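The structure appears below as structure tokens.
The values are calculated or read from the model by the stated rules, or taken from the named source; none is laboratory data. Quick caveat, the model's predicted, so the values are computed rather than measured. Every residue, glycine among them, receives a Cβ derived from its backbone with ideal geometry; neighbour counts consider all protein chains shown. These accessible areas exclude ligands, DNA and RNA; they are computed on the full protein's heavy atoms, side chains included. Shrake-Rupley method; radii C 1.70, N 1.55, O 1.52, S 1.80 Å.
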Amino acid sequence: MHLSETSHIKGVRMMHPIGRISATSHWFASLDAPAEARERQLALERLMREAQDYEADALIEVEFAKDQIASCDLASRILHRITARAVVVRIAA
């Protein structure tokens, strides 16, 4: 599957957009870079699985956002999650 943060894929001329999809990671409490990178990768993997359900060839305009909420337990930690969004496309033959 091709991935692109822009609306173009190098070497591909014709694409047919299917729609915009999103997928999220787990909620996590850690603020360290390795934990955030793992959750970002998880959100991307979930996004790619969702795209496969649509028989897509590529994801374009891939972007990530971080959400946060306060947990409801006594420790009252800030929880984060990563949301990945993209446009699902089929590449024309």
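So Gln68 passes all but one of these: (1) touching a Leu at 6+ places or on another chain (Cβ under 8 Å); (2) free of Cβ contacts under 8 Å to residues at least 12 places away in the same chain; (3) polar (S, T, N, Q). Which condition number does it fail?
Only one criterion is unmet by Gln68, namely (2).
Among the residues that make up segment 86-93, is at least one of them at pLDDT below 90 and either in contact with a strand residue (DSSP E or B) (Cβ under 7 Å, 6 or more places away or on another chain) or open to solvent by less than 80 Å² (accessible area, probe 1.4 Å) (or both)?
Yes, segment 86-93 contains at least one residue that is at pLDDT below 90 and either in contact with a strand residue (DSSP E or B) (Cβ under 7 Å, 6 or more places away or on another chain) or open to solvent by less than 80 Å² (accessible area, probe 1.4 Å) (or both).
Scanning segment 10-30 for residues that are surrounded by 11 or more Cβ atoms within 10 Å (Cβ to Cβ) and farther than 19 Å from Tyr54 by Cα, which turns out nearest to the chain's Cα centre (by Cα)?
Ser25
Go through segment 2-35 residue by residue and tally those that are in contact with a helix residue (DSSP H, G or I) (Cβ under 8 Å, 6 or more places away or on another chain) and on the phi > 0 side of the Ramachandran plot.
Of the residues in that region, 0 qualify.
Condition first: in contact (Cβ under 8 Å) with a residue 24 or more places away in the chain and closer than 22 Å to His2 by Cβ. Can you find one or more residues in segment 31-38 that meet it?
no
Can you tell me which residues in segment 51-67 are within 14 Å of Leu3 (Cβ to Cβ) and either open to solvent by 70 Å² or more (accessible area, probe 1.4 Å) or among the aliphatic types (A, V, I, L, M) (or both)?
Within segment 51-67, Ala51, Gln52, Ala56, Ala58, Leu59, Ile60, Val62, Glu63 qualify.
Need the failing condition index for Pro34 against (1) over 22 Å from Ala93 (Cα atoms); (2) open to solvent by 80 Å² or more (accessible area, probe 1.4 Å), just the number.
(2)
Residues of segment 13-61 being within 30 Å of Ala75 (Cβ to Cβ), of a type in the set (Asp, Glu) and outside any loop (DSSP other than H, G, I, E, B), which ones?
Correct list: Glu36, Glu39, Glu45.
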